[in-house]
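The values are calculated or read from the model by the stated rules, or taken from the named source; none is laboratory data. A quick note: this is a predicted structure, and the numbers were derived from the prediction, not measured. Here the Cβ positions follow ideal geometry from the backbone for every residue, glycine too, while neighbour counts run over all protein chains shown. Calculation scope for accessible area: heavy atoms of the full protein, side chains included, ligands and nucleic acids excluded. Shrake-Rupley method; radii C 1.70, N 1.55, O 1.52, S 1.80 Å.
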Protein chains: 2
Amino acid sequence: MTSDLVSRFLAGDRRALARLLSHVEDRTDLGRQALREIFSHTGRAHTVGITGPPGAGKSTLVNALIRRYRDLQKTVAVVAIDPSSALSGGATLGDRIRMMDNYADEGVFIRSMATRGQLGGLSLAVGGAVHLFDAFGFDIVLIETVGVGQAEVDVADAADTTIVVQVPGLGDSIQTIKAGVLEIADILVVNKADRPDARQLVRDLRNMLLLGDHSERMPPIVPTIATETEGIARLVDEIAAHRAYLNDSGTASERVRRRLRREAIQIAREQFNLWLLNWERDPSNNAVAERLLRREDDPGTVADHLLDRYRAGT
Amino acid sequence: MTSDLVSRFLAGDRRALARLLSHVEDRTDLGRQALREIFSHTGRAHTVGITGPPGAGKSTLVNALIRRYRDLQKTVAVVAIDPSSALSGGATLGDRIRMMDNYADEGVFIRSMATRGQLGGLSLAVGGAVHLFDAFGFDIVLIETVGVGQAEVDVADAADTTIVVQVPGLGDSIQTIKAGVLEIADILVVNKADRPDARQLVRDLRNMLLLGDHSERMPPIVPTIATETEGIARLVDEIAAHRAYLNDSGTASERVRRRLRREAIQIAREQFNLWLLNWERDPSNNAVAERLLRREDDPGTVADHLLDRYRAGT
C-alpha cells in the first residue's frame, strides 16, 4: 500500500503527492512510513520561510516570488500555514495565493495546513511536507506563516532562509516589531514600499539590526511592492546569495544537521506521547488512578511505573 | 538533605515550605523527591482557581477572600501565576495581593510563580505547589491566573472549584468573553458590580449559560464589589456549596483521579524530555546527525533508535 503510493510519488504523480501530503499532515502511520522511504531523495530543494504580521502582504509576495521563479525555470512548492480558522476569517492562505493566478502550471504546487492544537504536531507536519516537496523534485519550497509567536520560530527552524516581512503604517512603526523576529531574519522585506513612511521603517530596521549581533552576516533589507512585483527580482537574488553564503560558510550543513536531529527528537516524543495517550485511555489502568486517589501512590512513583512499563515494552 | 527539609516542613516550618516551593518551581530533583515524601499528607485542602481578564480585579478579590476565610478561622495559601514579565509590567500578582494588606498573619502564605517557556513545566510547578500547601495544612489554596488561553484550562485542571471573574465595561460586554471560559467555570463572578452595565452583563452571562450544557449543575453568578467586600460572603458560601456538590455527586473523586493521573503522565513526559535533552547535548551523538545530513538515516529511523536506547537504559 505505502510502497505503491510512494512508487507513484517518485514517478512524479501529483495525486500521489497530494495523498501523501494529507497522510503527513494527519500524522498517520502510512505518512510516517512514506517519509522514511522518500527521505534519501531529499536534500536538493532550497526552503524559504516567509513570516510577518497579518496585512503585510505575504500572500501577494509569495505569488510574486512564484512568478519570478517560474520565469527562471525553477519549480516552486508552497506550504501555507493557516492560523486557527477563527483568525483567518474565511479564505485560507493557500486559497489567497491560488486566487491571484490560475495555476494550471505543473511547476507549482500549493498546500494549506491548518494550525491545530496538537503539541508539536504542526511542526512535524510542515517538516514532513517540506521533505515530500523536496523529494518530489521542487527546486524551491516556500513556507508561509502569519507571525504569531511560536510559529515564526518553527518556520525559521524548518527553513534554510527565513524572510521576515514588515510593512509601514501598521501601528507605531518600530514598536510593533517583535524583538525575537529580527533575530530569526536572514532577509528583511519592507513590503508596500510606496507608502509614505516606508523609508523611515527601513531606517528604523537598519538601526535595530546594528544593535543586534550580526557580526557574521548583516541581513539585507529589501523594499518591495509585491502588487507591482517591484523589488522581487532583487529579493530572489538575495535568497540565492543567502543560499551561497550558507554553503560557503558551512552554516547550511550545521542548520540541516540541527533541524534533522530536532525532527528525530520530535518524532520520538510524538511516539512516546501516543503510548502515554493509549495508557491513559486504557480502562485496565483505572486501578492506578484509584491508588493515587487513596494516596497509596504518589504521581512521581506512578510516573516511574509508567516509564518502567514503557521500557519493558508492555 | 531532602528528608531534613521535609521533616522541618512537616513540623510546620514556613522557611522549609518556602525552600521546597522554590525547588518545586525550579523542578529540581530535590523538589520532585520532596513531593513524593509529602504526598500522603495531601488531600484535605480545597483548591480554588480564580481566572479572568486583566483589569477584572482578581487580586483585590483574592484579598477579600483571604480576609473572609481568616474571619472564618480558615488558613489560606495563594499561588499567583504571573504571565511573562512583559505583560505584568512591574509588580507581580503576588506583590499586588500582599500590598493590599500587611500579612504578618501565619495563617496566610502567598507565592508568585512566573510563567516560563518550559513545556508543561508551569503546570507541574503549580500542581506541586498546591500539594505542598495542602500537605502543610492550609485549608484553602487559591490559584490566581490572568486569563490568557491555555493557562485558564490548566488552572481548571488543578483546582477543585474554578471561579471565572468577569467585569462590566471591558470592551463590548459579552463579545469579550471567550467561549471556552464559561465551560470551565464552576462559579461566575461579576466583579465591580456597582458599574452601570453590571446588570446587563449578569443577564448576558445567564443567557450564555442557558445555551450551554449545564444539565447537572448550573454555575451560579455572584455579583461582587471586591474593594468593598460586597458579595464576598456569598462567594465563600458558593465555594462551600460547590465543594459539597462535588463530594455528594462523586465528581470530587473523579476530578482528583483524573488530575493525579494527568500529573503522573506529565512527570513521565518531563523525565523523558530530560533524557532527550541530554541526548541532544551529548557530543558523542554527533555522528547520528552526520548520518542524517548524508541521508544515510532518516529522522524516523533515528527516532526508533532513540526510543530503543531509552528502553535499553543506555
Restricting attention to segment B:10-31, and to residues there that are more than 17 Å from B:ARG111 (Cβ to Cβ) and aliphatic (A, V, I, L, M), which single residue is surrounded by the fewest Cβ atoms within 10 Å (Cβ to Cβ)? B:ALA11
Hey, among the residues in segment B:288-306 that are more than 20 Å from A:GLY250 (Cα to Cα) and in contact with a helix residue (DSSP H, G or I) (Cβ under 6 Å, 6 or more places away or on another chain), which one's farthest from the other protein chains (Cβ to nearest Cβ)? B:ASP297
For the subset of segment B:210-226 comprising residues that are under 24 Å from the mean Cα position of the chain (by Cα) and at pLDDT below 90, which member is surrounded by the most Cβ atoms within 10 Å (Cβ to Cβ)? B:ALA226
Give the residue that is surrounded by the most Cβ atoms within 10 Å (Cβ to Cβ), with candidates limited to residues of segment B:32-57 that are within 14 Å of chain A (Cβ to nearest Cβ), assigned to a loop (DSSP other than H, G, I, E, B) and not β-branched (Val, Ile, Thr). B:ALA45
Total residues in segment B:242-269, condition more than 18 Å from the chain's Cα centre (by Cα), surrounded by fewer than 18 Cβ atoms within 10 Å (Cβ to Cβ) and under 26 Å from A:ILE265 (Cβ atoms): 0
Tell me yes or no: at least one residue of segment A:94-113 is part of a strand (DSSP E or B), under 18 Å from A:ASP160 (Cβ atoms) and at pLDDT 90 or above. no
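Within segment B:230-241, which residues are surrounded by 17 or more Cβ atoms within 10 Å (Cβ to Cβ) and out of contact with any strand residue (DSSP E or B) (no Cβ under 8 Å at 6 or more places or on another chain)? Working first, answer last.
Within segment B:230-241, the subset surrounded by 17 or more Cβ atoms within 10 Å (Cβ to Cβ) is B:231-232, B:235-236, B:238-239.
Those that are surrounded by 17 or more Cβ atoms within 10 Å (Cβ to Cβ) and out of contact with any strand residue (DSSP E or B) (no Cβ under 8 Å at 6 or more places or on another chain): B:ILE232, B:VAL236.
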Could you check A:ARG309 against (1) of a type outside the set (S, T, N, Q); (2) open to solvent by less than 50 Å² (accessible area, probe 1.4 Å); (3) more than 31 Å from the chain's Cα centre (by Cα) and say which number it fails? (2)
Tally the residues that are modelled with pLDDT under 95 and touching a strand residue (DSSP E or B) at 6+ places or on another chain (Cβ under 6 Å), restricting the search to segment A:67-77. 0
For segment A:270-306, what are the residues that are without any contact (Cβ under 8 Å) to a residue 12 or more places away in the chain and open to solvent by 60 Å² or more (accessible area, probe 1.4 Å)? A:LEU274, A:LEU277, A:ASN278, A:ARG281, A:PRO283, A:SER284, A:ASN286, A:ALA287, A:ARG291, A:ARG294, A:GLU296
Report every pair of residues separated by at least 6 positions or lying on different chains whose Cβ atoms are under 7 Å apart, first residue within segment A:174-196 and over 20 Å from A:THR162 (Cβ atoms) and of a type in the set (Asp, Glu), second modelled with pLDDT of 90 or more and not in a loop (DSSP other than H, G, I, E, B). A:ASP194/A:ILE225
Going by the conditions given, is B:ASP139 open to solvent by 30 Å² or more (accessible area, probe 1.4 Å), modelled with pLDDT of 90 or more and in contact with a Lys or Arg (Cβ under 7 Å, 6 or more places away or on another chain)? yes
Sort out which residues of segment A:249-287 are at the interface with chain B (Cβ under 7 Å from one of its Cβ atoms) and among the aliphatic types (A, V, I, L, M), and write them in order of number. A:VAL256, A:LEU260, A:ALA264, A:ILE265, A:ILE267, A:ALA268, A:LEU276
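Kindly establish whether B:ARG116 is modelled with pLDDT of 90 or more and either charged (D, E, K, R) or within 23 Å of B:GLU230 (Cα to Cα) (or both).
Numbers: modelled with pLDDT of 90 or more: no; either charged (D, E, K, R) or within 23 Å of B:GLU230 (Cα to Cα) (or both): yes.
So B:ARG116 does not fit the description; no.
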